[in-house]
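Here's the structure we're looking at; comments come further down.
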Amino acid sequence: MPYFAMIIISINHEYEPYFNGSYPIDDDSTGRKKQVYLVLYRDIIRTGFNETVVKKPVAKFFGEDEAEIPPRKWTPEMKALVQQQIQENPVQRYRKITTLGKLVFSVAGLLVMVGIAAFVYAVFVSAPKQEGNRAAFTQLPEVGDRYYGSLFGRDYMAGGKLRAGWAIVESVNPQDSTITLRLSEDIGDFTFETMRADHSNFEGPTFHTKFSSGGRKNRFKGVDTDFEFESATYQDNFDAYKIPANHE
């Protein structure tokens, strides 16, 4: 049983930024002040059965060139700054049972043979593939990634009719998860046949957005506008809603 449990439970970490700030610190090499950027991340641990947030956040420093400063190069001033900001900006924690976890507990009450057959199929065939595809779909986008999704905001919801189309990522700021999106000119009615919509030409307007993700849905919310773009998968068909930048 312990060996079987090790097989069915995979542990995944997702680091979600929830605080960032810019600070001047002493630069021993020049004797002057330099600007560094501190980002605190929630460490979200997902297993096959639950999802929880670690009490202690993950801290990262970035220089003015946006390159990460490794912890071995942190000065005592930077270490003290991390402790201060963690104390002033604690992680908002939660714990919940995932859909798979609820499914496992409910299946336990069914007939043993039927339950084992369904469980083995879900764990050894379907779940690993879906987990890999889901992770690729919901990770922070890269420049060149394309998404199919629904459009919200007064410019796209006239008459209450849902509009949809493809959008391409033109820039990414990993420090605060802000994304610049450009829309395709082919914006029309929502369809499940997403590849029939134009996903090669992007001459539409651009929007500065904040990226967030949960489960099977990615959300790009306008920073200074009421624009919102949501890309959600149906029946775990991830390839129909995201085309990676390195896709041939």
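Summary table
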{"read-out": "Nearby aspartates and glutamates by direct alpha-carbon distance to LYS96 (threshold 16 angstrom, same-chain neighbours under 8 apart not counted)", "value": "GLU14, ASP43, GLU51"}
{"read-out": "Residues of region 124-248: accessible area per residue with a 1.4 Å probe, Å²", "value": "53 Å²"}
{"read-out": "Label-point separation, LYS96 to LYS56 (7 Å along Cα→Cβ), nm", "value": "2.7 nm"}
{"read-out": "Entries of LYS34/LYS60; LYS55/LYS217; LYS161/LYS242; LYS55/LYS210 with Cα pairs more than 19 Å apart", "value": "LYS55/LYS217; LYS161/LYS242; LYS55/LYS210"}
{"read-out": "Relative contact order (%) - criterion: Cα under 8 Å, at least six apart; region: region 154-215", "value": "34 percent"}
{"read-out": "Region 56-88 versus region 177-218: alpha-carbon centroid distance in Å", "value": "34 Å"}
{"read-out": "Cβ-based net charge around SER184, under 9 Å, with every Lys or Arg adding one and every Asp or Glu removing one", "value": "-2"}
{"read-out": "Sites ASP239 and ASP186, calculated FRET efficiency, Cβ-Cβ separation with R0 22 Å, nearest 0.05", "value": "0.70"}
{"read-out": "Interchain or long-range residues, amide H under 5 Å from ASN50's placed H", "value": "THR98"}
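The values are calculated or read from the model by the stated rules, or taken from the named source; none is laboratory data. This is a predicted model, so every value here is computed, not measured. Here the Cβ is made from the backbone with ideal geometry for all residues, glycine too, and neighbour counts use every protein chain on show. These accessible areas exclude ligands, DNA and RNA; they are computed on the full protein's heavy atoms, side chains included. Shrake-Rupley method; radii C 1.70, N 1.55, O 1.52, S 1.80 Å.
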